[in-house]
Amino acid sequence: MTADNRTVVGTATFSVNPPEYWGFVHYFSGKITYWRPANAKFSTFEGRNNWGNTVGNYTDTLGVQHAAYLHGSTTTLIIHPNAARHSTRLVDINNLNTVLGTYVDSNGVNH
């Protein structure tokens, strides 16, 4: 996903056993940073806007999924109020800071 100032975010796959998946930011300058939240087993970056705000998801070492909004060095976990436990997933963000995502309700219906 291309974002601000030709910055790209996504998920890097490292060929180790087992494979590792980490969210990354590739800046126009060529610098690459990886997002590895504490206790994360896997992480992904899904979208970034022109303000430099990023959305992503990670799975912790217990297998619990988390949706995250990142602004600078501050991470905010996002939970949809109608979501079944740990089912919120973020998929993009626009330049108005509107976050797009999905969740599963308590009846197992995807939204």
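Nothing in this text is a laboratory measurement; each read-out follows from the coordinates by a stated rule. Keep in mind that what you see is a predicted model, and the values were worked out from it rather than measured. FYI the Cβ positions are ideal-geometry reconstructions off the backbone, even for glycines, and counts take in every protein chain you see.
Summary of values
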| read-out | value |
| --- | --- |
| In Hz, Karplus ³J(HN,Hα) per residue of the range 87-96 (6.51, -1.76, 1.60; θ = phi - 60°; x = Gly, Pro) | 10, 6, 9, 9, 10, 5, 8, 9, 6, 9 |
| Average Cα contact separation per residue, the chain, under 8 Å, 6 or more apart, as relative contact order % | 18 |
| Rounded to whole Hz, the Karplus (6.51, -1.76, 1.60) HN-Hα couplings of the range 13-24, x for glycine and proline | 10, 9, 7, 10, 10, x, x, 10, 10, 9, x, 9 |
| Per-selection Kirkwood Rh - the chain (Cα, Å, 1 d.p.) | 14.4 |
| Proxy reagent accessibility, fewest Cβ within 10 Å first, across Phe14, Phe24 | Phe14, Phe24 |
| Dipole of the chain [Lys/Arg +1, Asp/Glu -1 at C-beta], most positive-end residue of Val25, His86, Thr75 | Val25 |
| Loop trypsin sites (Lys or Arg not before Pro), the range 4-111, which have at most 14 other Cβ atoms in a 10 Å radius of their Cβ (DSSP) | Lys31, Arg85 |
| Only Lys, Arg (+1) and Asp, Glu (-1) charged, at Cβ; the chain dipole about Cα centre in debye | 180 |
